[in-house]
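Structure, as structure tokens:
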Amino acid sequence: MTSKKRQDMTIGEALRANGVSRRGFLKFCAATASLMALPPGAATAIAAALEKAKRPSVIWLSFQECTGCTESLTRSHSPSIEGLIFDAISLDYHHTLQAAAGHGAEAAREEAMKEHHGKYILVVDGSIPMKDDGVYSTIAGMTNLAMLKEAAAGAAAIVAVGTCAAYGGLPAADPNPTGAVAVSEIIKDKPIINVSGCPPIPVVITGVLAQFLTFGLPELDDLGRPKAFYGQNIHDRCYRRPFYERGQFAETFDDEGAKKGWCLYKLGCKGPITYNACATTKWNEGTSFPIQSGHGCIGCSEPDFWDMGGFYKALSQGKLGSAEGLAAAAGIGAAIGIGSALLGSSGQKAAKAEIKAKLDKDMEATK
Amino acid sequence: MTLLDFARGPGMQWSLIILIVGILWRVVGTLLLSAEKDYSQARQGGTGPGIRAVFRRFWPHPEFVKPTLFHMVGGYTLHIGLFVVIFLFAPHILWFADLLGLPVWANLPNNIIMLAGALTAASLVAFVLRRMTHPVMRRISGFDDYASNIVTLLPVVTGMLAFAHTPIARYETLLALHLLSVELLFVWIPLSKLAHALFFIPSRYQLGAAFGRRGVKV
Ligand code: HEM
Ligand code: SF4
């Protein structure tokens, strides 16, 4: 620790104090710039802005979650450029990463909230259970709902990390036993940035934070995600797309088509309705992503991805429920048909009788 | 529930129910209507000429080829195009296979589907324009004629827009519009002149058989 108090350092100072090289820092800025599809020159601008920015206090709350988002962030390759961001921010509270436990930990959270009131960034992963007054998930005796409301009150902005925090995710999957909801369904008066994914790509999590620190609130799509990272459709960027166009599909995971790398649409790929950076940024230092590894996209960055008809059902399949309704419809239709035919034929008879009566009358008249 | 969820779930379910009820109502109701008894002596059996008429009428008699050429070319393009687009595009095949519990059949490449879609749309548009401009066609065209044309055109246009991920709206929105237009088509089929799809074979047969009995060449 240098003589300056950590909170008072700029990001640049903090990084140097932690032994991060200038080169490593610039590499991070360049990666972030390219991820945001900014021209290469922007990396210097990001570097300059980050250098001068004050280290923000970050409070990270974990609710109904599996810790996969944190794992994604921390288990990335090392030394990680993603890790840099942890040196750059002042992470004042994080269940999994902090050393303190129990009352000490909660005290640290309360202190950070008081000291940086109105200025800290609140990161949330996990959904919030609403049923039965939120008893299904509590921390130190406090429900997630109460803790979120308390922490949100003093936050400058909220970053909802992972699909659970962003849209309810797995806990909200049908039948949603705990009444789990997204952060945005509870907090209405603070800017919320959704960083969806199950988990999100690590560099996207840190990229969003870097973008926020350098450029302020990012432009969001209609699902509250930063357009810079979620503007791309997987199917539009997928290297298997030519096979889709040619109508060449793998039918099973081990057939000839699968071996030849054909399109995975028939095996349930949700790429056409999924927006994320997987197909371009990829995972594990740009090594691969699910489709490249031979499995269809499961659409994990989209709301309700768990309930989209099944991971292995093609997009156009599995949405119709039972066929019973349709069978019943056939019965009803036939019944109406018979009914209308009977009506029709009695109508025919009546018309015939009418015509006959008229003819008879005419005959009478001519007699 | 998003628009797409609605279109895929309840929207599709209800439109299919209406389609099935409607088809059975129209078909059963029509077939059960009592036909006039034909008291004249039959010159020959009706079955042969009936079946012959079903096929013979796929192409006009020589003297009518020229006057009906526009309708023949446009009509065949439209119907073959629709067949290709509806039944040979991979996502559609999966949908039908799923709905009907059938095995998946072979699909065509997308560029051929798009070509068929474009030709289909072009012939539908040509038919509307002709209805609006041709002096006779204009007088004999009513709401049903125009509506049936447009309701058929919409799924083709929205399908192609969605397929191309046209940036006028998000893909999911375009796809939802595609499905809603398909649902409109499903509902409209039994209630309109599109019901010719159900009736053209039995009515050709019926007429062919009646002509046959009276010794009229079909
Ligand atoms: C060139 C014309 C067309 C194109 C390019 C097209 C394209 C598409 C696409 C891309 C899908 C999405 C499948 C998915 O979920 O991934 C779809 C679904 C569907 N289309 Fe079309 N379509 C066309 C015409 C039609 C027509 C004329 C019909 C009318 C019967 C139709 C009926 C359907 C149905 C029933 C589905 C399945 C619904 C679902 O995905 O849940 N399409 N179409
Ligand atoms: S594998 Fe998935 S994303 Fe890639 S082309 Fe096929 S459907 Fe699209």
Matching residues, the stretch B:97-114, being part of a helix (DSSP H, G or I) and either facing chain A (nearest Cβ under 8 Å) or surrounded by 15 or more Cβ atoms within 10 Å (Cβ to Cβ) (or both): B:A97, B:D98, B:L99, B:N110, B:N111, B:I112, B:I113, B:M114
Unique residue being closer than 23 Å to B:A106 by Cβ and away from chain B (no Cβ under 14 Å) when the list is A:F253, A:F243, A:F249, A:F212: A:F253
Wholly within the stretch B:1-90, helices (runs of 4 or more DSSP H) carrying at least 2 residues that are basic (K, R): B:47-56
Total residues in the stretch A:262-285, condition of a type in the set (V, I, T) and either crowded, with 23+ Cβ neighbours inside 10 Å or within 11 Å of chain B (Cβ to nearest Cβ) (or both): 2
Search result, residues across the stretch A:263-295 that are away from ligand 1 (no atom under 16 Å from the Cβ) and aromatic (F, W, Y): A:W283, A:F289
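Hey, which of the helices (runs of 4 or more DSSP H) in the stretch A:214-261, taking only ones fully inside, have at least 3 residues that are over 27 Å from the mean Cα position of the chain (by Cα) and not aromatic (F, W, Y)? So that I can check it myself, show each step before the final result.
Values: elements: A:227-230, A:234-237, A:241-246, A:256-259.
Result: A:256-259.
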Inter-residue pairs, beta-carbon under 6 Å, first within 11 Å of ligand 2 (Cβ to nearest atom) and in the stretch A:288-307, second hydroxyl-bearing (S, T, Y), 6+ apart: A:C297/A:T274; A:G299/A:T274
Those residues of the stretch B:162-218 which are within 14 Å of chain A (Cβ to nearest Cβ), within 15 Å of ligand 1 (Cβ to nearest atom) and aromatic (F, W, Y), in sequence order: B:F163, B:Y171, B:F186
Residue under evaluation A:Q64, criteria (1) surrounded by 19 or more Cβ atoms within 10 Å (Cβ to Cβ); (2) touching a Lys or Arg at 6+ places or on another chain (Cβ under 7 Å); (3) polar (S, T, N, Q), criterion not met: (2)
Flag for A:V159 being touching a Gly at 6+ places or on another chain (Cβ under 9 Å) and within 23 Å of A:G207 (Cβ to Cβ): no
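Just so you know, all these numbers are worked out from the coordinates, no wet-lab data involved. Bear in mind the structure is a predicted one, so any value in this text is a computation, not a measurement. We place every Cβ from the backbone using ideal geometry, glycine too, and count neighbours over all the protein chains shown.
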